[in-house]
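Chemist: Shown below is the structure under consideration.
The values are calculated or read from the model by the stated rules, or taken from the named source; none is laboratory data. All values derive from a computational prediction rather than experimental measurement. Cβ atoms come from the backbone with ideal geometry, glycine included; neighbour counts cover every protein chain shown. Side chains included, ligands, DNA and RNA excluded: accessible areas come from the protein's heavy atoms. Shrake-Rupley method; radii C 1.70, N 1.55, O 1.52, S 1.80 Å.
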Amino acid sequence: MSADHIPGISRRQALRLGLALGVAGPLAAACGGGGFSTSGGGGGDGQLTFMSTQFTPVEEKERFRKILADAFPGPVNYVTNEPGPFATQVRSQVSAGRVEINLLGGIHGDLAPLADGQLEDLTDLVGELSGKGYAEDFLQLARAGTDRTWYVPWAQATYVLAAKKSTLEYLPSGADVNDLTYDQFLSWAQAAAQASGAPQLGLPAGPKGLLHRFLQGYLYPSFTGRQVTAFRSDEAVTMWEYLKELWAVTAPSSTNVDFMQEPLAAGQVTMAWDHVARLVNAPGDAPDEWIMVPAPKGPEGRGYMAVLLGLAIPKGAPDQDRTKELIKALSDARTQAEVLRQNAFFPTVEGDVPSDLPPAIQLEADAVAAQAGSADALVALPPVGLGTRDGEMSKIFKDSFTAIVLQNQDIRATLDAQGAIMQTLLDDAKVPCWAPDEVKAGETCKVG
C-alpha cells in the first residue's frame, strides 16, 4: 500500500462495479445484531439516535461509540438491530408519522429497499461532500436506480485469505500467492495437510459463520460467472465437486467456527478465508509471520464480494440539520481512518493513511487493494430486496452445503430441490437479480 493514500479509494475506484443497477441493489453485512427500542429517542434531551446493522459485537460497538464521541460534539445513542427488524422499524415509524430515529447505518442491501419513500433525499448533502472523492460506483449504488441519492457512502469491506508464511513452502511450483487459481489453492491446502498430517485450511462454517458468502460471492461467480441464474448449471455442479475436494483438506472443526481469526490465532489452522473484520486479530503480536492475500480466481474470473456501508436519514426524522452534521463528521477522512484502525472497515473517502495503522490491517489493506485492482476481478453482491426473508436465501446456500459436502448427497438433485425453494422465495419477494447476474429492473430474478 502506498504511503499517502488508502488503497482502492483514491486514484482508482475502490470497487469496479460498473453495473446498471435497478431499484434493488447489492451487499451484505458481516455481522448480525440485537434488537432495541428507540423509545425516548429522536433528539430527546439533544440526543441523536443512530440505528445501525453494523458493529454489533460488544467490542466493536464500544470502540465505535468512542469514535462517535470523539468525532461529534453532541450526544449520540448508537444502537444496533438485525437487518429485518431494522427495515420493519423504519417502515413502521415512517408510516405512523412518528419517526424517532435520526440516522440509519447499514449495508447497501439494508438501505436500498427503503428508498421507496422511507428515506430522505440526500442529493444536496452528497453534493456538499463531493470533494471527499467518493468512487462514482459508490454514488451510483447510493442512488438505488433513481436520479436521487438516498445515502452517503460510509465504509467498505470484503473478504480475503489469511495464512502463516510458513505455509508458503507448500505452494505448487510456479504459483503466485497473490494471483492464485482455485486449482492452485486446492493443491496448496492439500500439500499443507499432507506435510502436517492434518488439515490446515479453515472455512467459517459455524452457525454464525459466513461460509454462504464464500459460495455466493466467490465460488459461484468464479466458476459460473453468475450466482442465481447459474445456481443449478453444469458449471455449478463442477464448482460443488471442487468444494468437496477442498473440504476434504479443511479442518472438520470448521463447522463450529464463526470467526476464523480464533482458530488461526490458536494455531488450530494455518490458512483461512473470512471477512476482513473476522481475520484482523489472527496475527496477534507476530504480524511478520503472516500474509493476507486476494481470493483465488476461477474459469470465469476472480469473484469477490463487496460490502458497502451507507448513512441515511428516515423520511420525516427530527433534527435533520444536526443529523447531517453528524454525517459530515463521519465522512471526515480522519474519522473514517479511525474506523479502519479500530474496526477494520475501510474508508470511502480519500485521505492519508494513518502512520500508526495496525500491522494486521496493513496486511489486509494490501490484499484488498490487490483484489479490487485485479484485471480479472468479478464483483459479486449479496441478495437485496428480500427484507425479513434475507435469511432464507442464506439458508438455501447453507443447506446445499450441508447436503452436498457434509452428507454427500447427489449434487444435481440437491441443486434442483434447493433451486425450486429459491425460485419460490424470489417470486414471493418479486426482486430482480443482483450482480454478478444481469440486473433487469422490474423483472423477478429467475433461477438457472
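Chemist: Take the stretch 359-392 and flag every residue that is of a type in the set (Gly, Ala, Ser) and assigned to a helix (DSSP H, G or I).
Modeler: Filtering the stretch 359-392 down to residues of a type in the set (Gly, Ala, Ser) leaves 360, 365, 367, 369-370, 372-375, 377, 380, 385, 387, 391.
Listed by number, the residues that qualify are Ala360, Ala365, Ala367, Ala369, Ala370, Ala372, Gly387, Gly391.
Chemist: Restricting to the stretch 57-79, and then to whatever is within 18 Å of Arg341 (Cβ to Cβ) and small (Gly, Ala, Ser), can you tell me which residue is surrounded by the fewest Cβ atoms within 10 Å (Cβ to Cβ)?
Modeler: Per the criteria, the residue is Ala69.
Chemist: For the stretch 220-247, give me the residue count where each residue is in a loop (DSSP other than H, G, I, E, B) and over 14 Å from Phe401 (Cβ atoms). Quick ask: steps written out before the conclusion?
Modeler: Of the stretch 220-247, the ones in a loop (DSSP other than H, G, I, E, B) are 225-233.
Remaining after also requiring over 14 Å from Phe401 (Cβ atoms): 225-230, 232-233.
Residues flagged as in a loop (DSSP other than H, G, I, E, B) and over 14 Å from Phe401 (Cβ atoms) within the stretch 220-247 amount to 8.
Chemist: Quick test of your reading of the structure: Asp285 fulfils all but one of (1) acidic (Asp, Glu); (2) touching a strand residue (DSSP E or B) at 6+ places or on another chain (Cβ under 8 Å); (3) modelled with pLDDT under 95. Name the failing condition by number.
Modeler: Of (1) acidic (Asp, Glu); (2) touching a strand residue (DSSP E or B) at 6+ places or on another chain (Cβ under 8 Å); (3) modelled with pLDDT under 95, only one is false for Asp285: (2).
Chemist: Let me ask another. Would you check which residues across the stretch 317-364 are at pLDDT 90 or above, among the hydroxyl-bearing types (Ser, Thr, Tyr) and either touching a Gly at 6+ places or on another chain (Cβ under 7 Å) or surrounded by fewer than 19 Cβ atoms within 10 Å (Cβ to Cβ) (or both) and list them?
Modeler: Matches in the stretch 317-364: none.
Chemist: Just name the residue that is farthest from Gly303 (Cα to Cα) out of those in the stretch 256-278 that are among the polar types (S, T, N, Q) and open to solvent by 50 Å² or more (accessible area, probe 1.4 Å).
Modeler: Taking the stretch 256-278 as the starting set, the residues that turn out to be among the polar types (S, T, N, Q) are 256, 261, 268, 270.
Applying the additional criterion that residues be open to solvent by 50 Å² or more (accessible area, probe 1.4 Å) yields 256, 268.
On the way: Asn256: 26, Gln268: 27 Å.
If we take residues in the stretch 256-278 being among the polar types (S, T, N, Q) and open to solvent by 50 Å² or more (accessible area, probe 1.4 Å), then Gln268 is farthest from Gly303 (Cα to Cα).
Chemist: Now a separate question. Quick test of your reading of the structure: Tyr159 fulfils all but one of (1) more than 30 Å from Thr270 (Cα to Cα); (2) in contact with an Asp or Glu (Cβ under 8 Å, 6 or more places away or on another chain); (3) open to solvent by less than 20 Å² (accessible area, probe 1.4 Å). Name the failing condition by number.
Modeler: (1)
Chemist: Filter the stretch 31-55 down to the residues that are at pLDDT 90 or above and closer than 21 Å to Ile107 by Cα and list them by number.
Modeler: Here is the first cut: in the stretch 31-55, the residues at pLDDT 90 or above are 47-55.
Leu48, Thr49, Phe50, Met51, Ser52, Thr53, Gln54, Phe55 - these are the residues of the stretch 31-55 that are at pLDDT 90 or above and closer than 21 Å to Ile107 by Cα.
Chemist: Can you report the number of residues in the stretch 262-311 which are outside any loop (DSSP other than H, G, I, E, B) and small (Gly, Ala, Ser)? First the steps, then the outcome.
Modeler: Step one: filter the stretch 262-311 for residues outside any loop (DSSP other than H, G, I, E, B), giving 262-265, 271-278, 287-293, 297-298, 301-305, 307-311.
Right, trim to small (Gly, Ala, Ser) and you get 265, 272, 277, 298, 301, 303, 310.
Selection size over the stretch 262-311: 7.
Chemist: A further question on this structure: Looking at Asp274, Asp288, Asp258 in this structure, which one is under 21 Å from the mean Cα position of the chain (by Cα), acidic (Asp, Glu) and over 19 Å from Leu219 (Cβ atoms)? It would help to see each step written out before you state the result.
Modeler: Numbers: Asp274 fails: over 19 Å from Leu219 (Cβ atoms); Asp288 fails: under 21 Å from the mean Cα position of the chain (by Cα).
Just a single option satisfies the conditions, and that option is Asp258.
Chemist: Could you list, ordered by first residue, the pairs with Cβ atoms under 7 Å in which the first is in the stretch 365-383 and crowded, with 21+ Cβ neighbours inside 10 Å and the second is acidic (Asp, Glu), at least 6 apart or interchain?
Modeler: Pairs that qualify, where the first residue is crowded, with 21+ Cβ neighbours inside 10 Å and the partner is acidic (Asp, Glu), are Leu378/Glu300; Pro383/Asp390.
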